[in-house]
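The values are calculated or read from the model by the stated rules, or taken from the named source; none is laboratory data. Computed from a prediction, not measured in an experiment: that's the story for all the values here. For neighbour counting, all protein chains shown are included, and Cβ atoms are generated from backbone atoms with ideal geometry for every residue, glycine included. Remember, those area values only see protein heavy atoms, side chains included, never the ligands or the DNA or RNA. Shrake-Rupley method; radii C 1.70, N 1.55, O 1.52, S 1.80 Å.
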Amino acid sequence: MPSSQNILALRYLALTLAGFCVSQAAHAQLGTSPLVPRTAAAQVGLERAWFAQIGADPAFSEVTAWTLHHDRIFGVSNTGTAFALDTETGERLWIRQVGKRGYRAFGPGANSKSVAIVSGSKIYVLDRDDGRILFSRDLGSAPGAGPALTEDYAFVVLMTGRVEGYRLDDPKAQPWYYNSRGRAFLRPVTTGGVVSWPTNAGLLYVSSATDPGLLYRIQTNDEIIAPPAELDGNLFIASLDGYLYSIDGLTGNEQWRFAAGWPIESQPAVVGDMAFVSSIEPAIHAIETSTGNELWDIPGASQFVSEGKNRVYAADPMGNLLVLDMKTGATLGTLATAEGLYPLVNDQTDRIFLVNKHGLVQCLHEIGVSQPIEHRKMKTAAPKKKDEGDEDIFGVNEDAADDEPAEGGGLFDDAVEEPDDQPAVEDEPEDEPATEPQGDLFDDIDLFE
């Protein structure tokens, strides 16, 4: 009779062989190899710097979310495994089981020191460098999406629409929270000195990132289902109404709006003096950030990927990589990719990252560019103070009639209380401090200061 040790060994071998077979079958579906051939990459002026396999076993799990944060790529699987890679070498820095094994993890969010992941009804904060779990704590209720980190806070949206903010330097401190209208299914986004989150009621809420307190909320002519982008304190907001809006991130004042002509479902990308936004046509539009003027548009492109020295890289709906001239948008070449590969949006450097759900990551860059071209530095952005002479956050005179939208668009909703003529989402509370739970835990609510 075989020993228990032998039985365990045989079971492990059987599981390993099963996982290997499933992995091979998955790769067979992707073609002869999911790796981009070096010769094909060279034909469009690119080289493969490295590739890495996280080790996600396709028989039991898959990578469900990737986050690019400067010199790290973080990811989580549907079984609760989190990991980190070095963006320049592909070295796996750490891998960690977060929460109960088998529970799906949401996130990750990252800052210069920490990584945060939601699993079950808890938030876990890990050390960015080695993956050690620094602390965990219960959330108010079921999460709607993964967390977002500033240098001081972790923000989590709950399915009810409530947003909770937890101090990273004091895990037991009372959380800040706010009840927004509608339900939230996208994680908050930290951009510059603010944190923002959309709801299915068509509203985007904006709070200070360093001292939580709602600054204003925005409502366009249709839903906002994509997180905003940020550059130099300005927010770039895409809406299903077909417009890309540029607003001052701290005051909410509109600077310009660009009409793409079709609904916009994806997050804009901003690099230097150019903003890139993709409409569902599909087409990618390059817009001058200072004026909102269109520089060029390319039909058939569905996603911005990265920006090199003189080129812009985009993807088509099939995942193939398009090489575009930065000044004119002219197509310089196309790089076919295997089925199942898709690019990460990178507005931080010139590197091109291709990933798939099986944990494969590839890094491409322009031939001869051994050091990354940095478009953004990792830093802590402190919010600027509003000058006394600044226009109010709606861009209208304070003496204007209450609850009247600005002429010609209705971009900004009332920032103090909901208009009486706007119905609330069914079964959802008005925007106001929650009345439960009672007690000391939520005594530090701070709204619309």
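Couple of notes before you dig in:
- Summing charges over neighbours of Lys327, with a neighbour being any other residue whose Cβ is under 15 Å away from its Cβ, gives -4 when K and R count +1 and D and E count -1.
- Overall, the accessible surface of region 161-200 at a probe of 1.4 angstrom is composed of carbon and sulfur to the extent of 46 percent.
- Using a probe of 1.4 Å on the protein chains alone, the accessible area found for Thr328 is around 80 Å².
- Filtered GluC sites (Glu not before Pro), region 58-92: DSSP coil and at most 13 other beta carbons within 10 Å: Glu91
- Here Asp130 and Val369 are evaluated by their C-beta separation; at R0 = 35 Å the FRET efficiency comes out at 0.70.
- Sorting the segments 155-168, 314-327, 67-80 by their residues' average number of neighbouring beta-carbon atoms within 10 angstrom, most packed first, yields 155-168, 67-80, 314-327.
- For Met159 and Ala259, the difference between the fully extended length at 0.36 nm per residue and the C-alpha to C-alpha distance is 32.9 nm.
- Segments 208-219, 257-268, 366-377 sorted - mean Cβ within 10 Å per residue, highest first: 208-219, 257-268, 366-377
- Note on region 261-298 and region 127-168: Cα centroid distance 31 Å, given to the nearest whole angstrom.
- On the basis of the beta-carbon distance and an R0 of 56 Å, Glu91 and Gln174 show a calculated FRET efficiency of 0.90.
- Annotation: per residue accessible area for region 178-243 equals 25 Å², rounded to a whole number [probe 1.4 Å, protein chains only].
- Under the Debye formula (equal points on every Cα, no solvent term), log10 I(q)/I(0) of region 131-175 at q = 0.20, 0.23, 0.26, 0.30 Å⁻¹: -0.64, -0.83, -1.03, -1.23
- The label-point distance for Met378 and Ala330, in a model that sets each label 7 Å from Cα toward Cβ, rounds to 3.9 nm.
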